[in-house]
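Undergrad: Structure in structure tokens, see below.
The values are calculated or read from the model by the stated rules, or taken from the named source; none is laboratory data. What you see is a predicted model, and the numbers here were worked out from it, not measured in a lab. Here the Cβ positions follow ideal geometry from the backbone for every residue, glycine too, while neighbour counts run over all protein chains shown. All accessible areas refer to the heavy atoms of the entire protein, side chains included, with ligands and DNA or RNA removed. Shrake-Rupley method; radii C 1.70, N 1.55, O 1.52, S 1.80 Å.
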Amino acid sequence: MNSDGNGIRVAIASCHDKCNFGSMLQAYATQAYLEKRGFDVRTIDKTGLGKVIKPGRMDYYRRHAFDLQMYREKAPFVGHRLRQKVVSEFGREMIERRHAFDRFEHDRFHLTRKCYSFDELCGMSREYDAVVVGSDQLWLPVNIDGGYFTLEWVDPSVRRISYATSIGLSYLDDFCLGRMRRFLDGYYAVSVREESAASLVEKATGMRPQVTCDPTMLLSREQWHEVAGESCVGVPGEPYLLCYFMGDNPWQRDCAVRYARKHGLRVVAVAQTDTYIASDEKYADVYPWNAGPAEWLALVEHASFVCTDSFHGSVFSSIFQVPFVSFRRHAATSGQSTNSRIDTLLGVLSLTKRLCESEAFFDNIAAESVDFAASEPKLEAYRAKSASWLDGTLVFDGHAASPHVNIRHVEDCCGCSACANACPVSCIAMKFDAEGCEYPSVDESKCVKCKACLRACPIINREPDEPKPQRAFLVQNTDDAALRQSTSGGAFTALATTVIEMGGIVFGAGYDREGRAAYDSPLRVCCMPVEKVEDLRLFRNSKYVQSEVGAAYRWAKEYLDSGRLVLFSGTPCQCEGLYDYLGKKVPDNLCMADFVCRAVPCRAMFRAYLEWLDDKTGGKTKTILFRDKGRWGYEYSNMRAFNCEEPYEPKDSASQVQSTYSEGVETDPYLRAFFDDLSDRPSCYTCRFKKRYRVTDLTMWDCFDAWRYDDDFDDNRGATRVLVHTQKGQTMLDASLGMLRAKEINADEAANRSRELTHLIDRNPRRAAMFADLDSMPGPDFIEKWFPLDAKVILKCGAREILERIGAYSAVKRALWVFRGMK
């Protein structure tokens, strides 16, 4: 995202999610180029569209049911899937690679919210000025039938553009040509990547499109160097030849090995990620399965020689000016041949002599030096011509970048209030929408265009997930009352107590009893400061509703400027909001602690729940404990409601007063909505802050499987995992150990066993319908409609309670973990 852009909003339809180096890198390049040019860009998250794309794709396969060549071409894909299931080592290797791709996608892409239908996509398209489709083989016949990459779902008011879209084939039947003629009729501008694709489009429409370079070629060598990983674990330090083959042609691998042995090079092979190819086995010295797109770039950049049958293997060899030989992957007679794209590439760069079509020619081709001095100007000219074409399609009159935060897409605001806190003239107010989510509202007449709000936004200024040294601990508070009142192991109480005893201030989320919060609800949660140990009880027990930050960042800065020690706790987005509000400069007297956050439910859902709860209990609910251990202990905590403000008597004891309501996760409607991903803030579904390496000093979260680390902590009273990011965080934890039982654990293991640390939740497709009812129905009626106690719910709850009563719940839970491979 670009805070200094031109105000033009562009959505990209690309293959951003495929575990394929070329596909992901060209999708990233399209986004990166447009962002650099100042556009407000999002890549469309298409991962929720599988069910609506599938019928069209199945129509294609039915039409080609008797095409034996198609079956021969697809057989390796099936073999790849089976091999992952049958050969455990291969399965683990592919999981490593998938994780590397996931990290790249998480760190590099700015995704839209997820959509589940073409109608929903159409509605979202109206938030943009243009939708750009491109590039890698997106108009293959099966993709045309799928209906996504054709952009037929884009609203007619929105400009449709094809940039360097590839067909990959040299022939399309009349059916596909007819489909192409119809869907291209609504396009504003069309360019393709290959001459063969231009001929097919001309055949379908009567007009020849511009041929433009692959998106990866829009970025310079220097830009790709910045993206490339510095190294790849397992790659030899000595010179090597890199092999990247996607076809099953053993003679090509033999050529590579022969060249490497002759020139004293090690052979590094990046095997195909989509298909299983027997000839990939045991010919190379090194197989870096942990290589994601960034590491793959580094492998190409630092290679002494590259042998490839991949289009993008040839592209990046040219960009990094690494000597290479490009092989034919398919026979010229193959109906599935994608050779045309390499032909176009090498022809434009005058590198056709690098193409090897048979083993007999390899030695001569490899021995000849590559004239990059001649090809580089051609590459630059091709890049400039293509960029000029793309820029020209995105010219809109009357557009200008906003000098302040301007939330055009609800997923682009986490409600942290950093912008409002940063504004020097107080022209930004946080306003609530129908779902109870806060968004900034700007008084244009007061705005001085200083852009302080843009600099403070943690989404615009997102911090990368860059590895750094970490330590991890399993802890439990030794004070019985503090442990009983806490959600898990009471780690935060110990840290906060240390800070207060040192004369500091602690910020956390508590129920508003003093009118600080603005939302119209019987119970409101806000971020507040306390400086007495006895007041830390206000922060205990998780609050499953978003807290209002209000002016907390300003208050924290005032305390910091006065020299007071401050411990600020909050969600990851709130902590990163404070970090950016402070200009990414953390004072020595500030310690930040966040927690692993699944998501934050919307306030409107909580208000409706409170109405239902009051109706059900016949009284006024004044306090809710979202995760109470009183009935079954830590392993099966309950939602409990009280008609008084203090649920413990005395306040600092483990003695709880009588609740008016108590239900578990299966039966409580609020928890059901939360864990079904129905009630969360829109930005949570595209959360930019789910990452292992954070700007905070400490990250804390539950440990329901303490038995994995130490049986002494597995006492059903609660335990907390703590991930330490900084020396300051370690110092704070060490100073608090007098109040904690602690055991150091492996940081990698702790992080890898917590999916919610790094992985997004998926928006429930029924969410829009639920909030439509929530907006129009009384709370009790809404809850009864959406969360009835049907037989399935009652049975599930009954089974869990029986297991608890007979003392078998923990054992069954462990067995399920083992069965699911979570050892």
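Undergrad: Of all residues in the stretch 516-559, count the ones that are open to solvent by less than 30 Å² (accessible area, probe 1.4 Å) and of a type in the set (Ser, Thr, Tyr).
TA: Going through the stretch 516-559 one residue at a time, the tally reaches 4.
Undergrad: Something else now. Here are some conditions: (1) at pLDDT 95 or above; (2) among the aliphatic types (A, V, I, L, M); (3) farther than 20 Å from CYS413 by Cα. MET58 meets all but one. Which one does it not meet?
TA: In the conditions (1) at pLDDT 95 or above; (2) among the aliphatic types (A, V, I, L, M); (3) farther than 20 Å from CYS413 by Cα, MET58 misses (1) alone.
Undergrad: May I ask you to list the residues in the stretch 796-818 that are exposed (fewer than 12 other Cβ atoms within 10 Å of the Cβ) and within 35 Å of the chain's Cα centre (by Cα)?
TA: ALA811, ALA815, LEU816, VAL818
Undergrad: Is one or more of the residues making up the stretch 495-510 closer than 19 Å to GLU645 by Cα, touching a Cys at 6+ places or on another chain (Cβ under 8 Å) and without any contact (Cβ under 8 Å) to a residue 40 or more places away in the chain? Spell out the reasoning first.
TA: Of the residues in the stretch 495-510, the ones closer than 19 Å to GLU645 by Cα are 508-510.
Filter once more, so that each one left must be touching a Cys at 6+ places or on another chain (Cβ under 8 Å): 508-510.
Restricting the remaining residues to those that are without any contact (Cβ under 8 Å) to a residue 40 or more places away in the chain gives 510.
Yes: the stretch 495-510 contains one or more residues that are closer than 19 Å to GLU645 by Cα, touching a Cys at 6+ places or on another chain (Cβ under 8 Å) and without any contact (Cβ under 8 Å) to a residue 40 or more places away in the chain.
Undergrad: Within the stretch 507-528, track down each residue that is assigned to a loop (DSSP other than H, G, I, E, B) and in contact with a strand residue (DSSP E or B) (Cβ under 9 Å, 6 or more places away or on another chain).
TA: Our first condition is that a residue be assigned to a loop (DSSP other than H, G, I, E, B); within the stretch 507-528, this holds for 512-524.
If the condition is that a residue be assigned to a loop (DSSP other than H, G, I, E, B) and in contact with a strand residue (DSSP E or B) (Cβ under 9 Å, 6 or more places away or on another chain), then ASP512, GLU514, ARG516, ALA517, ALA518, TYR519, ASP520, LEU523, ARG524 are the ones that fit.
Undergrad: Somewhere in the stretch 197-205, is a residue in contact (Cβ under 8 Å) with a residue 12 or more places away in the chain, in contact with a Ser or Thr (Cβ under 6 Å, 6 or more places away or on another chain) and open to solvent by 20 Å² or more (accessible area, probe 1.4 Å)?
TA: Within the stretch 197-205, not a single residue is in contact (Cβ under 8 Å) with a residue 12 or more places away in the chain, in contact with a Ser or Thr (Cβ under 6 Å, 6 or more places away or on another chain) and open to solvent by 20 Å² or more (accessible area, probe 1.4 Å).
Undergrad: Right, next: Determine, yes or no, whether GLN223 is open to solvent by 20 Å² or more (accessible area, probe 1.4 Å), closer than 30 Å to PRO293 by Cα, touching a strand residue (DSSP E or B) at 6+ places or on another chain (Cβ under 6 Å) and at pLDDT 95 or above. Walk me through how you get there before you give the answer.
TA: Working: open to solvent by 20 Å² or more (accessible area, probe 1.4 Å): yes; closer than 30 Å to PRO293 by Cα: yes; touching a strand residue (DSSP E or B) at 6+ places or on another chain (Cβ under 6 Å): no; at pLDDT 95 or above: yes.
No.
Undergrad: Of the residues ARG383, ARG341, only one is at pLDDT 95 or above, of a type outside the set (Ser, Thr, Tyr) and touching a helix residue (DSSP H, G or I) at 6+ places or on another chain (Cβ under 8 Å); which? Give the derivation first.
TA: Numbers: ARG341 fails: at pLDDT 95 or above.
Answer to the selection: ARG383.
Undergrad: Could you list, in sequence order, all residues of the stretch 685-707 that are of a type outside the set (Ser, Thr, Tyr), crowded, with 19+ Cβ neighbours inside 10 Å and assigned to a helix (DSSP H, G or I)?
TA: ALA706
Undergrad: Now, a different point. Has the stretch 470-491 got any residue that is surrounded by fewer than 16 Cβ atoms within 10 Å (Cβ to Cβ) and of a type in the set (Lys, Arg)?
TA: Looking only at the stretch 470-491, we keep the residues that are surrounded by fewer than 16 Cβ atoms within 10 Å (Cβ to Cβ), and these are 478, 480.
Adding the requirement that they be of a type in the set (Lys, Arg) leaves none.
The answer is no; no qualifying residue exists.
Undergrad: Which ones in the stretch 160-176 are crowded, with 18+ Cβ neighbours inside 10 Å and either of a type outside the set (Ser, Thr, Tyr) or within 34 Å of the chain's Cα centre (by Cα) (or both)?
TA: Kept after step one, since they are crowded, with 18+ Cβ neighbours inside 10 Å, are these residues of the stretch 160-176: 160-170, 172, 176.
ARG160, ILE161, SER162, TYR163, ALA164, THR165, SER166, ILE167, GLY168, LEU169, LEU172, CYS176 - these are the residues of the stretch 160-176 that are crowded, with 18+ Cβ neighbours inside 10 Å and either of a type outside the set (Ser, Thr, Tyr) or within 34 Å of the chain's Cα centre (by Cα) (or both).
Undergrad: Okay, next question. Given ARG57, ARG62, ARG83, ARG103, which one is without any contact (Cβ under 8 Å) to a residue 60 or more places away in the chain, in a helix (DSSP H, G or I) and over 20 Å from TYR163 (Cα atoms)? First the steps, then the outcome.
TA: Values: ARG57 fails: without any contact (Cβ under 8 Å) to a residue 60 or more places away in the chain; ARG83 fails: without any contact (Cβ under 8 Å) to a residue 60 or more places away in the chain; ARG103 fails: without any contact (Cβ under 8 Å) to a residue 60 or more places away in the chain.
Of the residues listed, the single one that is without any contact (Cβ under 8 Å) to a residue 60 or more places away in the chain, in a helix (DSSP H, G or I) and over 20 Å from TYR163 (Cα atoms) is ARG62.
Undergrad: Taking into account only those residues within the stretch 133-146 that are open to solvent by less than 10 Å² (accessible area, probe 1.4 Å) and touching a helix residue (DSSP H, G or I) at 6+ places or on another chain (Cβ under 7 Å), which is farthest from ASP45 (Cα to Cα)?
TA: Just the residues of the stretch 133-146 that are open to solvent by less than 10 Å² (accessible area, probe 1.4 Å), to begin with: 133-135, 138-139, 144, 146.
Then drop every residue that is not touching a helix residue (DSSP H, G or I) at 6+ places or on another chain (Cβ under 7 Å), which leaves 134-135, 144, 146.
Values: GLY134: 14, SER135: 16, ILE144: 18, GLY146: 16 Å.
By that ranking, first place goes to ILE144.
Undergrad: At least 1 residues that are of a type in the set (Lys, Arg) and out of contact with any Ser or Thr (no Cβ under 7 Å at 6 or more places or on another chain) in each: list the strands (runs of 3 or more DSSP E) lying fully within the stretch 415-506 that qualify. So that I can check it myself, show each step before the final result.
TA: Values: elements: 428-432, 438-442, 471-477.
The strands (runs of 3 or more DSSP E) meeting that bar are 471-477.
Undergrad: I've got another one for you. Mind counting the residues in the stretch 400-410 that are touching a residue at least 40 places away in the same chain (Cβ under 8 Å) and surrounded by fewer than 15 Cβ atoms within 10 Å (Cβ to Cβ)? Reasoning before the result, please.
TA: Initial filter on the stretch 400-410 (touching a residue at least 40 places away in the same chain (Cβ under 8 Å)): 400-405, 408-410.
Remaining after also requiring surrounded by fewer than 15 Cβ atoms within 10 Å (Cβ to Cβ): 400, 408.
Residues meeting the conditions: 2.
Undergrad: Hey, GLY515 hits all of (1) at pLDDT below 95; (2) under 28 Å from ASP588 (Cα atoms) but one; which does it fall short on?
TA: (2)
Undergrad: If I filter the stretch 157-171 for residues that are in contact with an Asp or Glu (Cβ under 6 Å, 6 or more places away or on another chain) and of a type in the set (S, T, N, Q), do I get at least one hit?
TA: Among the residues of the stretch 157-171, at least one is in contact with an Asp or Glu (Cβ under 6 Å, 6 or more places away or on another chain) and of a type in the set (S, T, N, Q), which makes the answer yes.
Undergrad: Return the total of residues in the stretch 773-822 being at positive phi and at pLDDT 80 or above. Walk me through how you get there before you give the answer.
TA: So the first thing to find is which residues in the stretch 773-822 are at positive phi, and the list is 807, 821.
Subsequent filtering for residues that are at pLDDT 80 or above retains none.
Residues that pass the stated criteria total 0.
Undergrad: Another question, then. Which residue, of HIS725, HIS759, is crowded, with 17+ Cβ neighbours inside 10 Å, in contact (Cβ under 8 Å) with a residue 24 or more places away in the chain and not small (Gly, Ala, Ser)? Write out each step before concluding.
TA: Working: HIS759 fails: crowded, with 17+ Cβ neighbours inside 10 Å.
Only one candidate qualifies: HIS725.
Undergrad: Pull up the stretch 379-399, narrow it to residues that are among the small types (Gly, Ala, Ser) and open to solvent by 30 Å² or more (accessible area, probe 1.4 Å), then point me to the one that is nearest to ASP129 (Cα to Cα).
TA: Quick first cut of the stretch 379-399, residues among the small types (Gly, Ala, Ser) only: 381, 384, 386-388, 392, 398.
Among the residues that remain, those that are also open to solvent by 30 Å² or more (accessible area, probe 1.4 Å) are: 381, 384, 388, 392, 398.
Working: ALA381: 28, ALA384: 24, SER388: 19, GLY392: 14, GLY398: 12 Å.
Going through the qualifying residues, I end up with GLY398.
Undergrad: Just need a number here: residues in the stretch 560-572 that are open to solvent by 30 Å² or more (accessible area, probe 1.4 Å) and polar (S, T, N, Q). Outline the logic, then answer.
TA: Here is the first cut: in the stretch 560-572, the ones open to solvent by 30 Å² or more (accessible area, probe 1.4 Å) are 561-565.
Keeping just the survivors that are polar (S, T, N, Q) gives 562.
Result for the stretch 560-572: 1.
Undergrad: Could you grab me the full set of residues in the stretch 605-659 that are polar (S, T, N, Q), closer than 30 Å to ARG767 by Cα and touching a Ser or Thr at 6+ places or on another chain (Cβ under 6 Å)? Outline the logic, then answer.
TA: Of the stretch 605-659, the ones polar (S, T, N, Q) are 617, 621, 623, 637-638, 643, 653, 655-656, 658-659.
Retained after the next criterion (residues that are closer than 30 Å to ARG767 by Cα): 617, 621, 623, 637-638.
Once the filter is applied, which keeps residues that are polar (S, T, N, Q), closer than 30 Å to ARG767 by Cα and touching a Ser or Thr at 6+ places or on another chain (Cβ under 6 Å), the stretch 605-659 yields THR617, ASN638.
Undergrad: From the list CYS419, CYS423, pick out the single residue that is open to solvent by less than 30 Å² (accessible area, probe 1.4 Å), closer than 25 Å to ASP697 by Cβ, in contact with a Cys (Cβ under 8 Å, 6 or more places away or on another chain) and without any contact (Cβ under 8 Å) to a residue 60 or more places away in the chain. Before you say what the answer is, go through the steps one by one.
TA: Working: CYS423 fails: closer than 25 Å to ASP697 by Cβ.
Of the residues listed, the single one that is open to solvent by less than 30 Å² (accessible area, probe 1.4 Å), closer than 25 Å to ASP697 by Cβ, in contact with a Cys (Cβ under 8 Å, 6 or more places away or on another chain) and without any contact (Cβ under 8 Å) to a residue 60 or more places away in the chain is CYS419.
Undergrad: Count, please, the residues in the stretch 384-414 that happen to be in a helix (DSSP H, G or I) and not hydroxyl-bearing (Ser, Thr, Tyr). Give the steps one after another, and end with the answer.
TA: Here is the first cut: in the stretch 384-414, the ones in a helix (DSSP H, G or I) are 384-393, 410-412.
Narrowing the set further to residues that are not hydroxyl-bearing (Ser, Thr, Tyr) leaves 384-385, 387, 389-392, 410-412.
The number of residues fulfilling the criteria is 10.
Undergrad: Please verify whether VAL190 is among the β-branched types (Val, Ile, Thr), open to solvent by less than 80 Å² (accessible area, probe 1.4 Å) and more than 28 Å from TYR287 (Cα to Cα), treating the condition exactly as stated.
TA: Working: among the β-branched types (Val, Ile, Thr): yes; open to solvent by less than 80 Å² (accessible area, probe 1.4 Å): yes; more than 28 Å from TYR287 (Cα to Cα): yes.
Considered against the rule, which asks whether it is among the β-branched types (Val, Ile, Thr), open to solvent by less than 80 Å² (accessible area, probe 1.4 Å) and more than 28 Å from TYR287 (Cα to Cα), VAL190 comes out as yes.
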